[in-house]
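Every number here is computed from the coordinates shown, using simple stated rules; none is lab data. Not measured: the values here are computed from a predicted model. A quick note on method: Cβ atoms are made from the backbone with ideal geometry, for glycine too, and the neighbour counts reach across all protein chains shown.
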Amino acid sequence: MHAASPSDWAAAGSLGLSAIGLIALALAFADADLAYFDPRRLLDTDLGARLLVEAARVRDALRDSGRDFAALVILLTTSPKGAMA
């Protein structure tokens with residue numbers, strides 16, 4: 001397994017932008033009312049409520065993992081007091 005290179009990231013970003021462009025193009029030529037594509041209706045459903053709960057859990061997990069990563073970096077970059085050189 002190899003690490004992702006900057007060109008891999010650029011390719012993924014380009015693919016994402018292309019997908020967003022295709023969706024925007026499809027919406028531009030859709031014969032539906034704009035209210036049909038309103039994502040706020042999803043939040044009024046059971047699925048929307050669960051989605052909000054999971055989004056909060058992901059946010060908390062990312063915050064905790066950031067704290068854990070910072071503690072790991074501190075542990076790995078400092079030497080204990082009185083350690084032999």
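Worth a mention:
- The label point for PHE29 and the one for ARG50, both projected 7 Å from the Cα toward the Cβ, are 3.5 nm apart.
- Folded to 0 to 90 degrees: helix 46-77 orientation relative to the chain principal axis, Cα: 20 degrees
- Helix axis angle, 6-28 relative to the chain longest principal axis, alpha carbon, degrees: 20 degrees
- Loop-resident sites, the stretch 1-76, for chymotrypsin sites (Phe, Trp or Tyr not before Pro), counting at most 10 other Cβ within 10 Å (DSSP): PHE29
- Helical content of the chain, expressed as a calculated mean residue ellipticity at 222 nm, amounts to -24000 deg cm²/dmol (DSSP H runs of 4 or more residues, -39,500 (n - 2.57) each, divided by residue number, nearest 500).
- Column: log10 I(q)/I(0), Debye, Cα scatterers of the chain, q = 0.20 Å⁻¹: -1.08
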